[in-house]
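First comes the structure, then the notes that go with it.
All of the numbers you see were taken from the coordinates with simple rules; none came from a lab. Owing to the predicted nature of the structure, the values given are computational and were not obtained by experimental measurement. Here the Cβ positions follow ideal geometry from the backbone for every residue, glycine too, while neighbour counts run over all protein chains shown.
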Amino acid sequence: MPFSNLMLSKKMQTNLKALGYSKPTPIQEKSIPLLRKGKDILASSQTGTGKSASFILPILENLPIREEKRVGDDRYKIDALILAPTRELVVQINNSIKRYSKGFPHKSVAVYGGVKLGGQVKEIRAGANIVVATTGQLLKHIKNRTINLSIVKIVIIDEADKLLEMGFIDDIRVIIKLLPKKRQSAMFSATFPSSVIKLAKSLLNNPIRVEIEGDISAKEIKQLVCFIGEEQKTALLIHLLKEKQAKGILVFVNSKRGANLIVEKLEEQKIKSIAIHGDKSQSIRDKALKDFKNGEAKVLIATDVVARGIDIKNLPLVINFELPIKNEEYIHRVGRTGRAKNQGEAISLVCQKEVTQLEELEKLLHIKLQKVTIEGFNYNPSLKLSNKKNKQKDIKNNEKLKKAKELAEKIMNKGKKSEKTANKSKKNSRHF
Ligand code: AMP
């Protein structure tokens, strides 16, 4: 189906052609006409499938042109709102809007924490009528009276499950109350736990469910598992980094401390890498991602702060140094590679205590991941897929480990919070 069948203007079709898009992706094919007709939708979000355009294009086409220049407090009344869980995703969506909106009379602004409000206020005063925001910073602007939601016509919640998992439900409730009743709304989510359904009920009006066949187990991504002793993981990582010499390698870890530690260990081996996680300042996070995206930095060590939605072209390899704390996150991590029909490879380093989790992950994915051994890193003979007898033991150990990790994060964050109580927007970094 061509773009011309999706109720898109000639101007938009020209923009898409200039970007080299020959036809819509499945999520675009289903979502765009519904949103163009003014319907509310609840959509399964797939990673790297052109999801952002599926809501950005209808926003640009549906929003009425601002007839007169707004003055005074009316300058802060915005027309469309997009909420996303991480600063990186907010920036990326905002950049996509800029690419798609050539020739349209709408301007967007990225609203996220870790930076002063001033620059964002300036953009709103200069006429930005589409706000892409993290919830914390948006609420700051609302309190500051530098964003007003009273005439919003379209609202999108992207990565809804992640937003809820990060504990932003109260923020979202406050935001929804400030929106006008008459509006168009859409929600995108990777999973649909009861919390997401509940939120959908309070946000959406007679929503149409949009589902796309096929999943991230996208054929373009080769997913491998390498069993390894926990103490050998760093050595194996170094070996893989030296051997693969890929254009870009994204290594996921579960903690900020773990990310810093790996960077140090790699440095000892003269492998240059940069860490990205919630404790890094926004400017460092932005630069790290920019350098990685443009190929200046080859190895990025990241927590799940970049697992969702972040689009990195030509990323051939993702390494899971450890399986994520929540299995759903695996799907997002791995989805960073193999985007837009490129080939990609994902290798997960799995040690004994992660074996039970691996089995659960395979159940979630409905596939058995291919196991590989790397020369010089022999399969640990004590490592065997858990049988029923030691399964209970593994589960108990995993639970203990999870609790210990959560406690450690809490303690670390408590210390931080008292240092920086004023900086409430740091909320985003709480988990990563
Ligand atoms: P997204 O899932 O929105 O982050 O998009 C993933 C990547 O696919 C981005 O690099 C987009 O520029 C690209 N993309 C989106 N829609 C299309 C399309 N219809 N044809 C080709 N590439 C696309």
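At 0.36 nm per residue, minus the direct Cα-Cα distance, what do LYS177 and GLU296 gain on full extension? Give it in nm, one decimal, please.
38.4 nm
Under a crude label model (7 Å from the Cα following the beta-carbon direction), how far is GLN370 from ALA235 in nanometres?
2.6 nm
Under a Cβ-only charge scheme (Lys and Arg +1, Asp and Glu -1), can you give me the dipole magnitude of the range 3-211 about the Cα centre, in debye to the nearest 20?
The dipole of the range 3-211 has a size of about 600 debye.
For the residue pair ASN95 and GLU68, what label-to-label distance in nm results when each label sits 7 Å from Cα along the Cα-to-beta-carbon direction?
3.9 nm
In percent, what relative contact order does the range 1-99 have, based on Cα pairs under 8 Å that are 6 or more apart in sequence?
RCO, the range 1-99: 23 percent.
At R0 = 51 Å, how high is the FRET efficiency between ARG257 and ARG209 if r is their beta carbon distance? Nearest 0.05 is fine.
0.80
Can you tell me the FRET efficiency between SER281 and ASN144 if r is taken as the Cβ-Cβ distance and R0 is 25 Å, rounded to the nearest 0.05?
0.70
Between LYS77 and ASN314, take the C-beta separation as r, use R0 = 45 Å, and let me know the FRET efficiency to the nearest 0.05.
About 0.65, to the nearest 0.05.
As a test of the definition: which semi-axes, in Å, follow for the range 3-211 when you take the square root of five times each eigenvalue of its alpha carbon gyration tensor? Largest first, please.
24, 22, 16
Below 17 Å, Cα to Cα, which aspartates and glutamates can LYS177 reach? Residues fewer than 8 away in the same chain don't count.
ASP79
Given the pairs LYS39/LYS363; LYS51/LYS222; LYS37/LYS98; LYS30/LYS98; LYS37/LYS222, which are separated by over 28 angstrom at their Cα positions?
LYS39/LYS363; LYS37/LYS222
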